[in-house]
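The values are calculated or read from the model by the stated rules, or taken from the named source; none is laboratory data. This one's a predicted model, so the numbers in the text were calculated from it and none came from an experiment. Ideal geometry is used to build each Cβ from the backbone, glycine not excepted, and the neighbour counts take in all protein chains shown.
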Amino acid sequence: MALTPEEKTRVRHHTGYVGVAAVYTFVFGVPAAVQTQFSIEGAMDNILAESEELVRKHLAILDKIQMQQIDDLELLALLEADEIKFNPDEQKKLDREYFKWVGSLCNLFGCIPNPFDQRFKAMGGVNVPVIG
């Protein structure tokens, strides 16, 4: 059984790729397809059957981390509540853990996370290898 359309949507979301039918950018004023999208799309269409369950496990982990990030948003305003102390670095640690698993998911597909993913701005940018 291949990845479902919903699973492909989750893969795109977690790896920072867009969820639209045709992606264009402008090169010298002319629309051009975004090259980075093709790598993930082709990989999702050609994933080995033996790897599908591992992809699903990665998606479950990423979904869980993301939900914890969202569920803990109200804790950002607190430092302590009675004798309970909250970890002020929790969101940073969750971000690191999340992007570690994004990288692992991308390894399964043989691609990199989308370097234009806007979430990287919050982390101070992304390192992309340059061949020169």
(request) Taking the residues in segment 79-102 that are within 16 Å of the chain's Cα centre (by Cα) and among the aliphatic types (A, V, I, L, M) as candidates, determine which candidate is modelled with the lowest pLDDT. (result) Leu94
(request) List the number of the failed condition for Phe26; all other conditions in (1) at pLDDT below 90; (2) within 20 Å of the chain's Cα centre (by Cα) hold. (result) (2)
(request) Among the residues of segment 64-78, count how many are surrounded by 11 or more Cβ atoms within 10 Å (Cβ to Cβ) and at pLDDT 90 or above. (result) 5
(request) Starting from residues that are touching a Phe, Trp or Tyr at 6+ places or on another chain (Cβ under 9 Å) and surrounded by fewer than 12 Cβ atoms within 10 Å (Cβ to Cβ), keep the ones in segment 79-122 and report whichever is farthest from Leu48 (Cα to Cα). (result) Glu80
(request) Look at segment 29-63 and say how many of its residues are β-branched (Val, Ile, Thr), at pLDDT 90 or above and part of a loop (DSSP other than H, G, I, E, B). (result) 1
